[in-house]
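Notes follow once the structure below has been shown.
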């Protein structure tokens, strides 16, 4: 059994803490250690380090090796450019297939918070057993706790089996991030899960799907197969990636295939997708504030602030008074102020900074 940790994200929604040189997945956001370390420690309860593949951006290979010294150097692959998750998954599958044909692989993002690990490992065991005895693509569905519009959804069909207390359903279809009224309908129905972005399958199965559904990518992977673990691999990868279009694995494969199963996850899951979700996960004071750093003394009962997130450095004092539902994040060279309801717009702000030639702040 192998694990593919996908660590190529840019973390734009967590600016100004997340930067191009060290984005979100390499930071301790909501955790005592970097998020990728948390992910690695979760999968290493089941899968040995020599069977863990990490695919990241080429410029972050050194950071991965620093945070995950247990993972063999040849298992850390740097993409020459970002092409979303379909090429990443395909590359990981082809690499594993070249080493151990028809192995079971788990694909998971580097920046999710999952607890408790014992329930997560149990779910992976059940999913791996299902993958070994079938040609199914298996995803883990998260029972929604509110009508989220920032997640994709999976609609379940009939119950196929129960194994070790876990329910395995046939997946009927995948839904893109819905508008709020649609998300409410999904949650009320009880038939929809959040799409966790965690997948389990045999390498031969996913490569066969790519051959049917995304032939240019599959042909690229076949050309790379002979170069894998060879001295010229990085150059071959750069040449091939330049030809690929940006596609997610959901769009490239999951929305097209029919033999998909979804297992209802029995663990807590959060992809910590914005400062708003970081606020929601954090411990609040009696007025609903989350304050860390020097500003702690100046945001509270006396200042009549409610529902605010304030992350200050130890060098600069931040004071707020008479405001509600603000996110204030301070770093050495930049400060973010945004209303909680508009936390998703930090990504747009990030783009504007780049557009105005201020890349040094990214």
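No value in this document is a laboratory result; all are computed from the given coordinates. What you see is a predicted model; the values in this text were computed from it and never measured.
Remarks
- Highest GNM mean-square fluctuation among 182, 328, 346, for the chain modelled with Cα contacts below 10 Å: 182.
- Convex hull projection area averaged over all views, segment 139-219, Cα basis, nm²: 6.6 nm²
- Separation between Cα centres of segment 23-78 and segment 209-236, rounded to whole Å: 23 Å
- Rounded to 10°, Cα long-axis angle of helix 117-132 versus longest principal axis of the chain: 30 degrees
- Acute angle (nearest 10 degrees) that the helix 203-213 long axis makes with the longest principal axis of the chain, alpha-carbon atoms: 90 degrees
- Largest mean-square fluctuation among 108, 320, 210, in a Gaussian network model of the chain whose springs join Cα atoms under 10 Å apart, belongs to 320.
- Look at the alpha carbon pairs under 8 Å that are at least 6 residues apart: their mean separation over the length of the chain gives a relative contact order of 19 percent.
- Nearest 10 degrees, 0 to 90: helix 215-225 Cα axis against the chain principal axis: 80 degrees
- Cα gyration tensor shape of segment 225-279, rounded if a/c is under 1.5, else prolate or oblate by comparing a/b with b/c: prolate
- Radius of gyration (Cα atoms) of segment 276-361, expressed as a multiple of 2.2 N^0.38 Å: 1.13.
- Segment 126-168 and segment 299-362: distance between their alpha carbon centers, rounded to Å: 37 Å
- Translational D in µm²/s for the chain (Stokes-Einstein at 25 °C, 0.890 mPa s, Kirkwood Rh from C-alpha pairs): 113 µm²/s
- Mean Cα-pair separation over length for segment 258-362, i.e. relative contact order, pairs under 8 Å, 6 or more apart, %: 18 percent
- Global geometry of segment 13-80, whether rounded, prolate or oblate, following the gyration tensor of its Cα atoms and the 1.5 cut on a/c: oblate
- DSSP beta bridges in the chain [antiparallel fraction, %, rounded to 5]: 55 percent
- Anisotropy class of segment 138-278 from Cα gyration tensor, a/c 1.5 cut: prolate
- Residue among 341, 129, 86 with the largest mean-square fluctuation in a Gaussian network model of the chain, springs linking Cα atoms under 10 Å: 341
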